[in-house]
Structures are given as structure tokens and as C-alpha cells.
Amino acid sequence: MAGVTSSPPGATETDLGRKRRARRIGRVLTETHPDAHCELNHSNALELAVATILSAQCTDKKVNEVTPKLFARYPTAADYAGADRGELEEMIRPTGFYRNKTDSLIKLGQALVERYDGQVPGKLADLVTLPGIGRKTANVILGNAFDVPGITVDTHFQRLVHRWRLTTETDPVKIEHAIGALYEKRDWTMLSHRVIFHGRRVCHARKPACGACTLARLCPSYGTGPTDPALAAKLLKGPRARDLAVAAGIDPALVPAQAVAAEVP
Ligand code: SF4
């Protein structure tokens, strides 16, 4: 979507104006990423907690390669609590930092068995007391395993809400509250997925695809990356890259095969 000429959105904005723009961004993201979801494969709260611990400094894709065997070998919290350290380390080694992560998984299993009858609790205050589970992970678990609305402030989420100038806060908890105030609570979980999807496929840290972005007219940072559609189209990533181009009003033929095949970070 090239040709954004008027003064940048957000330049002299009231709180109400910002809220309206935030809601518009949310609506555009809903249309742009109809496939948005939690990208860590799981079928229950324990599996999601384990996958989230493994996802630190690792791609979701790599975690998803490791977890089928892991979940089959360790189906319960008690299985992690009593795991053979060497065996567990070997299974999760491809995700990196495997010694620390093994430690977290064994301690998580022990804490769940000792304090929660082996079940993952469904409250933020309980979740954050568990080994390896910080507030971000707790919100992922609440939103995706318990249907409790939660905002997941990861690196993508932080970068994008700053680019959109929806908040100037830098502390993740303050960002969570500031963004939470702009949207309906019931939308928090899906909003988080959509923002993170956009960060992984379009609004990259180094070279955002501004010229192929559905948010160009709503984004004060339009121009941070190339605005030429031909250049921007090459920066889109993932199997829906051509759909993303169409949604942004540019020719999908500009999106090369490598972009469609590119691994989403
Ligand atoms: S890609 Fe560019 S226009 Fe789109 S959200 Fe990111 S900075 Fe804004």
C-alpha cells in the first residue's frame, strides 16, 4: 500500500484518537491474519507450559519438531518430576540451552506434583510461582489453555506497539496494561496472536515490509522499511505471503517463491 502522503498517524493524537486507531489496527489485523493462532503445538495446559519453556531463544518450528516425542514420553507432570536428566536433555537438546530448560522442566513437574496435584493451575497468581514460568508464559497458558483473556508481550509485540505508537512504556507489564486499556478484554488473546503473526511475517525487526503492509495508513512508522512494493514484497514471509500482498493492495506476482518458502522466525 504505497502513497501515504498526509501527516503520519499518531503525530498529534488525543487518547481517544489513539484508541480509535488502535481498534482500527486490530480490525485490519483480523482481516490480514485469519489464520493467527498459538504457533506452539499442544493439546493441554501441561504441554503448552512445556512448549513455552522450550521456546525461549528458539523458533516455534524447532520446538514443534521436538515436542511430539517429548509429550509421548512425558505425558504427566509426575513424568517430568521423575525424569532421567540425561535422557530429557538429549530429547530437548535441539531447542538450545537444554541444561537450563531440563532443570526448569524437572522443577516444574515437581512443583505441580507437590502443590497442584499434578495439574497446571488456571490463575495468573499461581502460574507465576512455578519454575520456568514468567508472566509472559503465564499469559500464553491462560489465553490458550484456559480461555482466560491475556496479552502476550513478547519481543514482536513490544516492537510493533512501539512502531504504532500505541504506548511509550518499555516495561512488559506496563505495556500489557497500556495495550489492555485500548482493547476489549475478550479480544486480548487473539490480538496477541495477530500482532505476533504480523511481526513474524511483515513487520520484521530489521527490515519491515512497509510497502506491502496492510497497516501502512495507520502506522506512524511507515517508511521504517522499504515502501517500494517490489522491494517490500520480497520481505514478506511464509506460505500466505502472496495473500498478504493482495491484502495490502499490491501485485502478488511481486512476491518471490523464496518469500513463500521462507521460514517464519
Ligand atoms: S511494516 Fe511498516 S507500515 Fe507496517 S506496521 Fe511495520 S513499520 Fe508500520
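The values are calculated or read from the model by the stated rules, or taken from the named source; none is laboratory data. Values in this document were obtained by computation on a predicted structure and should not be read as measured data. Cβ sites come from the backbone with ideal geometry, for glycine too, and all protein chains shown count toward neighbours. To get the accessible areas, we keep the full protein, side chains included, count just its heavy atoms, and leave off ligands, DNA and RNA. Shrake-Rupley method; radii C 1.70, N 1.55, O 1.52, S 1.80 Å.
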Please work out if residue 213 is closer than 30 Å to residue 134 by Cα, out of contact with any Phe, Trp or Tyr (no Cβ under 7 Å at 6 or more places or on another chain) and either open to solvent by less than 30 Å² (accessible area, probe 1.4 Å) or within 16 Å of the ligand (Cβ to nearest atom) (or both). no
Check the stretch 231-239 and report whether any residue there is in contact (Cβ under 8 Å) with a residue 60 or more places away in the chain and either assigned to a loop (DSSP other than H, G, I, E, B) or within 12 Å of the ligand (Cβ to nearest atom) (or both). no
Number of the exception - residue 182 against (1) more than 15 Å from the ligand (Cβ to nearest atom); (2) in a helix (DSSP H, G or I); (3) open to solvent by less than 50 Å² (accessible area, probe 1.4 Å); (4) touching a residue at least 40 places away in the same chain (Cβ under 8 Å): (2)
So the check is Cβ under 8 Å with 6+ separation or different chains; which pairs have a first residue in the stretch 138-155 that's hydroxyl-bearing (Ser, Thr, Tyr) and a second one that's part of a loop (DSSP other than H, G, I, E, B)? 155/205
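Kindly evaluate residue 196 against the criterion of being open to solvent by less than 10 Å² (accessible area, probe 1.4 Å), touching a helix residue (DSSP H, G or I) at 6+ places or on another chain (Cβ under 8 Å) and not in a loop (DSSP other than H, G, I, E, B).
Working: open to solvent by less than 10 Å² (accessible area, probe 1.4 Å): no; touching a helix residue (DSSP H, G or I) at 6+ places or on another chain (Cβ under 8 Å): yes; not in a loop (DSSP other than H, G, I, E, B): yes.
So residue 196 fails the test.
Return yes or no: is residue 244 part of a helix (DSSP H, G or I) and touching a Leu at 6+ places or on another chain (Cβ under 9 Å)?
On the way: part of a helix (DSSP H, G or I): yes; touching a Leu at 6+ places or on another chain (Cβ under 9 Å): yes.
Judged against the criteria, residue 244 is a match.
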